[in-house]
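Q: There's a structure below that I have some questions on.
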Amino acid sequence: MTPDTPTLAVWKFASCDGCQLSLLDCEDELLALAGAVRIAHFTEMTRAHIDGPYDLSLVEGSITTAEDAERILAIRAASRRLITIGACATSGGVQALRNLAEEGEFVSAVYAHPEYVSSLSTSTPISAHVPVDFELNGCPIDRRQLLEVITASLVGRRPVIPDHTVCQQCKGRGAVCVLVAHGTPCLGPVTRAGCGALCPSVGRGCYGCFGPVGGANTSALARELLSQGMAPVDASRLFSTFYSGNEVFARQSVTLRARATTGEGE
């Protein structure tokens with residue numbers, strides 16, 4: 001290592017650590033990466049810590065506490081480039097389901113003593129608090145895409161990440177469309193590619209693990225789901241999972257919930 005060796009830091013906020021594990025799963029590629037950068041902070045891998053500034057920071061997890069809201073400001077100030085990885089960091093994650101409920105409704109249902117829990121009323125993405133240079137989606141992220149993002153950032157180019165749908169990946173694999181052929185609820189038409197169409201390839205519908213694709217027509221998909229007999233409340237839940245905090249999916253979920261409340265479409 002030389003003084004000019006780029007520094008890489010990996011930070012965790014509210015999350016399950018799955019996206020950090022995707023980096024560790026790179027195995028041989030990680031060894032090569034470790035030889036090209038100085039890993040300054042990555043608690044999933046080592047207790048060693050080097051103070052900033054950092055050439056590149058990868059951030060996993062959403063902002064759910066006042067302390068985290070302060071900490072991300074310090075990390076952004078110490079980072080030349082900051083990239084968010086995963087559904088939690090890019091949209092608020094599964095924990096953003098609480099954004100759709102009354103404040104304190106879930107915590108009082110889950111914890112015996114909610115008065116001991118100190119958190120914000122919402123779970124928000126990193127971009128809601130600081131400028132972000134790039135967002136890598138997925139729950140968890142794809143390790144090949146992660147390596148592309150890191151490599152591109154270190155050499156100063158924009159990452160080449162696909163922005164087409166899971167449906168296109170299904171076509172590429174020659175998989176039968178579960179929505180058309182079997183009436184299986186599937187978010188593939190509105191979900192960003194990245195998983196290799198894993199679920200549809202084994203006869204299951206897409207759950208939207210990589211978030212909405214650019215220009216996603218969720219209303220058209222919702223109409224199709226309802227026309228096949230799916231109840232509005234169930235369709236609403238389909239849009240409220242990994243990317244429940246994403247504006248596109250959240251808006252469609254709320255619209256369907258409203259239909260369920262009025263009984264329309266039942």
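Q: Is it the case, given these coordinates, that GLY215 is exposed (fewer than 13 other Cβ atoms within 10 Å of the Cβ) and within 21 Å of the chain's Cα centre (by Cα)?
A: When the stated conditions are applied, GLY215 passes them.
Q: Looking at (1) within 19 Å of the chain's Cα centre (by Cα); (2) closer than 27 Å to THR218 by Cα, can you tell me which one LEU82 breaks?
A: Of everything listed in (1) within 19 Å of the chain's Cα centre (by Cα); (2) closer than 27 Å to THR218 by Cα, LEU82 misses just condition (2).
Q: If you don't mind, there's one more thing I want to ask. Only residues that are buried (at least 19 other Cβ atoms within 10 Å of the Cβ) and among the aliphatic types (A, V, I, L, M): list them for segment 176-204, please.
A: VAL178, LEU179, LEU187, VAL190, ALA193, ALA197 - these are the residues of segment 176-204 that are buried (at least 19 other Cβ atoms within 10 Å of the Cβ) and among the aliphatic types (A, V, I, L, M).
Q: Considering ARG204, ARG251, ARG237, ARG158, which residue is in a loop (DSSP other than H, G, I, E, B), within 23 Å of THR90 (Cα to Cα) and of a type in the set (Lys, Arg)?
A: ARG158
Q: Mind listing just one residue for me: the one in segment 125-148 that is polar (S, T, N, Q) and over 11 Å from the mean Cα position of the chain (by Cα) and, of those, surrounded by the most Cβ atoms within 10 Å (Cβ to Cβ)?
A: Step by step, filter segment 125-148, then rank; the result is GLN145.
Q: Go through segment 43-69 and count every residue that is part of a helix (DSSP H, G or I) and either more than 14 Å from PRO131 (Cα to Cα) or touching a Cys at 6+ places or on another chain (Cβ under 7 Å) (or both).
A: Qualifying residue count, segment 43-69: 3.
Q: Report the residue count in segment 178-195 for those that are assigned to a loop (DSSP other than H, G, I, E, B) and closer than 21 Å to PHE249 by Cβ.
A: Result for segment 178-195: 7.
Q: Oh, and also: Return yes when THR184 is within 28 Å of ARG81 (Cα to Cα), among the hydroxyl-bearing types (Ser, Thr, Tyr), modelled with pLDDT of 90 or more and out of contact with any His (no Cβ under 6 Å at 6 or more places or on another chain) and no when it is not.
A: No: the conditions fail for THR184.
Q: Can you name the condition, by its number, that ARG80 falls short on among (1) surrounded by 14 or more Cβ atoms within 10 Å (Cβ to Cβ); (2) part of a loop (DSSP other than H, G, I, E, B); (3) of a type in the set (Lys, Arg)?
A: With (1) surrounded by 14 or more Cβ atoms within 10 Å (Cβ to Cβ); (2) part of a loop (DSSP other than H, G, I, E, B); (3) of a type in the set (Lys, Arg) applied to ARG80, the lone miss is (2).
Q: Those residues that are buried (at least 16 other Cβ atoms within 10 Å of the Cβ) and in a helix (DSSP H, G or I), I need them from segment 162-175; list them, please. Break it down into steps so the answer makes sense when it comes.
A: Taking segment 162-175 and keeping what is buried (at least 16 other Cβ atoms within 10 Å of the Cβ), we get 165-167, 169-170, 175.
Of everything in segment 162-175, those that are buried (at least 16 other Cβ atoms within 10 Å of the Cβ) and in a helix (DSSP H, G or I) turn out to be VAL166, CYS167, GLN169, CYS170.
Q: Going through GLU29, GLU70, GLU60, GLU103 one at a time, which residue ends up being more than 18 Å from GLY211 (Cα to Cα), in contact with a Ser or Thr (Cβ under 7 Å, 6 or more places away or on another chain) and in the same structural domain as GLU148 (by TED's automatic domain parsing)?
A: The unique qualifying residue is GLU103.
Q: Find all pairs meeting these conditions: Cβ atoms under 8 angstrom apart; at least six residues apart or on different chains; first residue within segment 14-37 and over 29 Å from GLY92 (Cβ atoms) and in a helix (DSSP H, G or I); second residue modelled with pLDDT under 75 and not aliphatic (A, V, I, L, M).
A: Between residues of segment 14-37 that are over 29 Å from GLY92 (Cβ atoms) and in a helix (DSSP H, G or I) and residues that are modelled with pLDDT under 75 and not aliphatic (A, V, I, L, M), there is no close pair.
Here is a yes/no grid of residues against (1) touching a residue at least 60 places away in the same chain (Cβ under 8 Å); (2) of a type in the set (S, T, N, Q):
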{"site": "ASP163", "(1), (2)": "no, no"}
{"site": "VAL166", "(1), (2)": "no, no"}
{"site": "GLN169", "(1), (2)": "no, yes"}
{"site": "GLY196", "(1), (2)": "no, no"}
{"site": "GLU224", "(1), (2)": "no, no"}
{"site": "GLN228", "(1), (2)": "no, yes"}
{"site": "TYR243", "(1), (2)": "yes, no"}
{"site": "VAL248", "(1), (2)": "no, no"}
{"site": "VAL254", "(1), (2)": "yes, no"}
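Q: Report yes if SER15 is under 21 Å from LEU120 (Cα atoms) and not charged (D, E, K, R), otherwise no.
A: Judged against the criteria, SER15 is a match.
The values are calculated or read from the model by the stated rules, or taken from the named source; none is laboratory data. Please read these numbers as outputs of a predicted model, since none were measured by experiment. FYI the Cβ positions are ideal-geometry reconstructions off the backbone, even for glycines, and counts take in every protein chain you see.
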